[in-house]
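Contents: one structure, followed by commentary.
The values are calculated or read from the model by the stated rules, or taken from the named source; none is laboratory data. Values in this document were obtained by computation on a predicted structure and should not be read as measured data. Cβ: placed from backbone, ideal geometry, glycine included. Neighbour counts: every protein chain shown.
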Amino acid sequence: MAVVRRVRQHVNPLSNKYQTPATVSDWSVYPTPEQPLHLDIGCGRGYFIRQMAQLQPDWNFLGLEIRQPLVAQALQWRDQQQQQNLHFVFCNANQSLRSLFANWSNVPLQRVTIQFPDPWFKKRHQKRRVVQPGLIRTLAELMPPGAEVILQSDVEAVAAEMTERFAQQPYFTQQPAGWLSASPFPAQTEREQMTIEKGQPVFRSLFVHQSATGSAPAPAESE
């Protein structure tokens, strides 16, 4: 049985140790790489996509997480359950999306989730939040028309900021306008479960990628 270690809740993504882009040299980790890919940015221990991988075996799932011990635990649990359509990578998503997918095939990145990210409440720390304009531009380059991005948070101000930043870009359209009334997924994150059990609201929005970007966007950055 995997040992769950206590891990720091907050990791500064702007520190030097998280600026080196991660790479994956061989994507044969997926036995059926032709399946559509669901990318979960900030996956934690992978509780959500481990459930999704079981419920949707005709999809591949990839979790990105900046806290390395959580990735180690997620990979251990994945191997114990022999979930072949699931993989995790330790990285800073704002620095690594382009390099991670450099050797990816033409299989579409059909779905992206960013769920309950670190809110970084202090104003001087909000530049550390994961949804930055450069990240959105890189996602637009990697995703085909019709692909979806789902954003969730139990902090309305954070959900509103993520939603506004996607809405400001020309590549994505919010559908429908306003918050989603319910999750579109058959699984929940640990944070989502706790929030709902407390009777508190979850703020969700969905964006659809509209068209090709035409030219390559600027490299992902923390702005």
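Figures for the structure shown
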read-out: Subset of the range 97-137 that is of a type in the set (Phe, Trp, Tyr) and at pLDDT 75 or above - its residue that is surrounded by the most Cβ atoms within 10 Å (Cβ to Cβ); value: Phe116
read-out: Residues within the range 76-105 that are in a helix (DSSP H, G or I) and on the phi > 0 side of the Ramachandran plot, tallied; value: 0
read-out: Pick from the range 53-75, criterion polar (S, T, N, Q) and not in a strand (DSSP E or B), ranking: modelled with the lowest pLDDT; value: Gln68
read-out: Residue list for the range 32-52, restricted to those being in a helix (DSSP H, G or I) and hydroxyl-bearing (Ser, Thr, Tyr); value: Tyr47
read-out: Residue list for the range 74-85, filter: in contact (Cβ under 8 Å) with a residue 24 or more places away in the chain and surrounded by fewer than 21 Cβ atoms within 10 Å (Cβ to Cβ); value: Gln76, Trp77, Gln80, Gln81, Gln83, Gln84
read-out: Any pair with Cβ under 6 angstrom, 6 or more apart, that starts in the range 153-176 at a residue that is farther than 16 Å from Ile41 by Cβ and among the charged types (D, E, K, R) and ends at one that is at pLDDT 95 or above and not in a loop (DSSP other than H, G, I, E, B); value: Asp154/Thr195; Glu156/Phe203
read-out: Residues (touching an Asp or Glu at 6+ places or on another chain (Cβ under 7 Å) and β-branched (Val, Ile, Thr)) located in the range 30-71; value: Ile49, Val71
read-out: Contacts under 6 angstrom Cβ, first residue in the range 22-43 being touching a residue at least 40 places away in the same chain (Cβ under 8 Å) and of a type in the set (Val, Ile, Thr), partner buried (at least 19 other Cβ atoms within 10 Å of the Cβ) and not in a loop (DSSP other than H, G, I, E, B), 6 or more apart; value: Val24/Leu100; Val29/His87; Ile41/Leu64; Ile41/Ala93; Ile41/Ile114
read-out: All positions within the range 142-160 that are crowded, with 17+ Cβ neighbours inside 10 Å and in a helix (DSSP H, G or I); value: Leu142, Val158, Ala159
read-out: In the range 189-212, the residues that are in contact (Cβ under 8 Å) with a residue 40 or more places away in the chain, part of a helix (DSSP H, G or I) and either of a type outside the set (Ser, Thr, Tyr) or under 28 Å from Gly146 (Cα atoms) (or both); value: Glu190, Arg191, Glu192
read-out: Condition check for Glu148: at pLDDT 90 or above, among the charged types (D, E, K, R) and farther than 27 Å from Pro33 by Cβ; value: no
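This table checks each residue for (1) surrounded by fewer than 18 Cβ atoms within 10 Å (Cβ to Cβ); (2) out of contact with any Gly (no Cβ under 6 Å at 6 or more places or on another chain); (3) modelled with pLDDT under 95.
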| site | (1), (2), (3) |
| --- | --- |
| Pro176 | yes, yes, yes |
| Leu180 | yes, yes, no |
| Ile196 | yes, yes, no |
| Arg204 | no, yes, no |
| Phe207 | no, yes, no |
| Ser211 | yes, yes, yes |
